[in-house]
1. Taking the stretch B:131-149 on its own, how many of its residues are farther than 19 Å from B:D112 by Cβ and open to solvent by less than 40 Å² (accessible area, probe 1.4 Å)?
2. For the subset of the stretch B:214-263 comprising residues that are among the basic types (K, R) and touching a helix residue (DSSP H, G or I) at 6+ places or on another chain (Cβ under 9 Å), which member is farthest from the other protein chains (Cβ to nearest Cβ)?
3. Would you be able to say whether some residue in the stretch A:151-168 is more than 20 Å from A:R70 (Cβ to Cβ) and part of a helix (DSSP H, G or I)?
4. From (1) closer than 21 Å to A:T167 by Cβ; (2) open to solvent by 10 Å² or more (accessible area, probe 1.4 Å); (3) not aliphatic (A, V, I, L, M), pick out the condition that doesn't hold for A:R287.
5. So A:F381 clears everything in (1) facing chain B (nearest Cβ under 9 Å); (2) open to solvent by 20 Å² or more (accessible area, probe 1.4 Å); (3) more than 29 Å from the chain's Cα centre (by Cα); (4) of a type outside the set (G, A, S) except one condition, right? Which one?
6. Identify, by number, the condition in (1) open to solvent by less than 10 Å² (accessible area, probe 1.4 Å); (2) within 28 Å of A:R228 (Cα to Cα); (3) of a type outside the set (D, E, K, R) that A:S321 doesn't meet.
7. Looking at the stretch A:5-22, which of its residues are more than 11 Å from every other protein chain (Cβ to nearest Cβ) and within 23 Å of B:Q65 (Cβ to Cβ)?
8. What about A:I341, is it in contact with a strand residue (DSSP E or B) (Cβ under 7 Å, 6 or more places away or on another chain), open to solvent by less than 10 Å² (accessible area, probe 1.4 Å) and more than 9 Å from chain B (Cβ to nearest Cβ)?
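The values are calculated or read from the model by the stated rules, or taken from the named source; none is laboratory data. Note that the structure is predicted; figures quoted are calculated from it, not measured. Every residue, glycine as well, gets a Cβ built from its backbone with ideal geometry; the counts of neighbours run over all protein chains shown. Keep in mind that these areas ignore ligands, DNA and RNA; they rest on the heavy atoms of the full protein, side chains included. Shrake-Rupley method; radii C 1.70, N 1.55, O 1.52, S 1.80 Å.
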Amino acid sequence: MKAIVDGQKCTVCGVCSDACPMGAIALRENQVEISDDCSLCGICVDTCEFGALSLPEVGHGPSEDLGSYRGVWVYAEWREGKVHGVSHELLSAGRILADKRGVELGAVLLGSGLDDQMAGELISYGAEVVYVVDAPELAHFTDERYSKCIVELVNRKRPEIVLAGATSMGRSFIPRVAAGLKTGLTADCTELDIGDEGHLLQTRPAFGGNIMATIICPNRRPQMATVRPKVMKPVRMDGRQGRIERVELPSRCFEARVEVLEVIAEQDQTAKLTEADVIVSGGRGLRSAENFHLIEELAGLMNGAVGASRGAVEEGWMAPSHQVGQTGRTVAPTLYVAVGISGAVQHLVGMQGSQVIVAVNKDASAPIFDVATYGVVADLFEFLPEFVKRIKRER
Amino acid sequence: MHIVVCIKQVPDTKNVRIDPDTHTLVRQGVESIINPFDMFAVEGALKIKDLNGARVTVMTMGPPQAAEALRETLGLGADDAVLLSDRAFAGSDTWATSTTLSAAIRKMGDVDLILCGKQAVDGDTAQVGPEMAALLDVPYATFVKKIDIEEPGFLKVLRQTDEGSELWKLQLPALLTVIKELGEPRVPSLRHKMRAKKAEIAVWGNAELGLDPNSTGLCGSFTQVVRVFSPQRRTNRIQLEGSIENQAEQLFQYLKKARVPGL
C-alpha cells in the first residue's frame, strides 16, 4: 500500500518529491510515481497544493456504536501519597476537552490504602468523578494488574477518551491497556483538541521532533493518548464539587505472573531528569569527569538536575542515567543550560521542548545555538565561574 | 531457551540534516542503522546465550533491504533471522505492527523470551513491545537494565523507573524492553561474519502468517495521520555580547526576567 496520485490533478511540480522523507516520489512525464519505499506518512499529501495526493483509508469503517462512549478520563498517577504533577496537568487539559464535548471528566485512581484526600485533589483540578480501585495487590505498580483494572473499568463505563502521563509508568502499561481494548494510542502528545467531527486531535512530534503530526483514531473507542509531563498547564480551582466512586473489581483483574521483589529509590537526586524544573548539562567540552563539578555547582545553586550529552557519557564522565537525548532521556524543563555541547540532532531532540534554553559554547557555529533562547559564545571555563559568582552575589 | 529479538531499521540521525528553508529532514543519502535500543536487546540476548546457552532469533518487519540489518546481527552471533516483508504490512501503526510481529512469534511456537529495544528512535512511541505482550498474553517488564536467570522458568530483571529502579521476577515466557545500561553491542567476530554472509534469511509474508488482510498494514491500523506540519522554530535567539563579566550579568538579568525557577 502507498500514497495515491490523482493523475488529473498532478502537475509534476516536484514539491512532494522534495518533501518526501523516504525519497519515494519520482518525477515521471505526466505524473509523479510513488515507489515501494512509501511509508504512508502523509507528508506529501499536505505539501501538494493541487490536492493530487491522498492516502488509502485507514481501517475498515467504524466497527461499532462509537456514540455510546461518553466522557473523558485521566489516569491519575501518584507517588508516596501525592498526586503526580502530570495528572494535574492532564485533568486541566481534559477539562477543556470534556467541556468541548459536553461530557463528564473522570479520574481513575488505582492503589492500596488510598484516602479520599487524593481523590479530593483530583476534583479540585477538574474531575467531576473519581473512580477508585483500592486493593492490596495494587500496592506496587505492575503492568499486568494495572492494565487489567483499567481495561475492566473502561469496558464498564465506556469513556470516549482516556489520557495518561507519558511517565515511565504510563509509557509502560498504557500500551497494554490500548491493546487490551483493541484501540489506537498516540504517545507523547504535545497538543490535544477536539476536531469538527468530534474526534480527538492528537498532535505529537515525529521524526525526532522535526515534524509535527496530528493523529486521529476515527473508528475505535476510547481514543487514547499519553502526554509528557510539563507540557500542559495545571489549573487548580478550589471549591469544586465532585463524587468519589469506589469500585470493586473481580479477582481476575489482580492476577499476575510478575512479582515486585524490591523497589530501590534513586539516591542521586541530580539524576531525576524528567521531574526537574532546571537541568544543567555538560558535553565533551568539559574535557574531563573532574570538570563536571562546574556543572554540578551551577545545578546545585539552581536546585536543578545534572544532564550529560552522549559524548560525555561515552567518555565515562557521567553515568548513563544522566544522559539527555535520543538514547537517553527526553526532557522539557523550564530552563535547560547546555554547556560545552555542540548539539547533535540526537541531543537536540531530547531537549528542544524546554521552555528556555541557554547554550554556552566556544564555537559560534555549533548547532546548539539554533535551538537556544540565549546564546553565550565563550570559553565555558571562564564563563561558568563568572556566572556562578553572579548568582551567588544576589544571595 | 529460545530468544527472539525484534529489531527495526531507522535513519541514522547522526547524519540527518534539517533543511534551513523548509525545516524538514533531509533524508537523502542518509543511511539506515539498526535502532540503537534494539542493539542493546541483541547484546542482552547474546549475553544470555554466552552464559546459559540459548538460541537467538532476530526478527524485523520491513522492506526487502531490511535483510541487511538482520545479517548484521547474525555477524554478532545471532543464530537465525526472520524478515517479515509484504506490501500488505506497509503503513502499519503500532497496533498493526504488534499484530504482525506477534503472529510471527506464534508461528515460531517455542519462544521463551522476547526482547525489544525500549523504543525506536524514529517514532519514539515505545508501544510495540507492550502491545505485543498483550497480544501474546505474556508478562513483561519495560526499561530493563539487567537480566538474571537463576531459577528455571523465571527471570529476575532490574528495571529503570523515573524514581529509581525495581527488581521484578517474571514467569516465562515473557517479554522485556531494554535500555542502554544492559550493555553496549559487541563487535562482530570474523567467524560469525563469514557465516552471516552465507546465511539464508527466512522471508515471511502474509501468505506465511495467514493474518486477515484487514488486520495488517494501513487497513489494520487504528490511528491515522491527518496533518503534518513544521514545528514553530525559535527565531528570536538572543546572542549575548561583551566581556565575560558582561555576558554573565546579561544572562542573569534575562533569566531573572523570564522568572526561571532556582534564581
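1. First, pick out the residues of the stretch B:131-149 that are farther than 19 Å from B:D112 by Cβ: B:131, B:143, B:145.
Remaining after also requiring open to solvent by less than 40 Å² (accessible area, probe 1.4 Å): B:131, B:143.
So the count comes out to 2.
2. Let us first name the residues in the stretch B:214-263 that are among the basic types (K, R), namely B:227, B:233-234, B:237, B:256-257, B:259.
From what's left, touching a helix residue (DSSP H, G or I) at 6+ places or on another chain (Cβ under 9 Å): B:227, B:233-234, B:237.
Numbers: B:R227: 4, B:R233: 8, B:R234: 6, B:R237: 5 Å.
Among those residues, the one meeting the criterion is B:R233.
3. To start, the set of residues in the stretch A:151-168 that are more than 20 Å from A:R70 (Cβ to Cβ) comprises A:165-168.
Subsequent filtering for residues that are part of a helix (DSSP H, G or I) retains A:168.
Yes, because at least one residue in the stretch A:151-168 is more than 20 Å from A:R70 (Cβ to Cβ) and part of a helix (DSSP H, G or I).
4. (1)
5. (1)
6. (1)
7. So in the stretch A:5-22, the residues more than 11 Å from every other protein chain (Cβ to nearest Cβ) come out as A:5-14, A:16.
Matches in the stretch A:5-22: A:C16 only.
8. Numbers: in contact with a strand residue (DSSP E or B) (Cβ under 7 Å, 6 or more places away or on another chain): yes; open to solvent by less than 10 Å² (accessible area, probe 1.4 Å): yes; more than 9 Å from chain B (Cβ to nearest Cβ): yes.
Yes: the conditions hold for A:I341.
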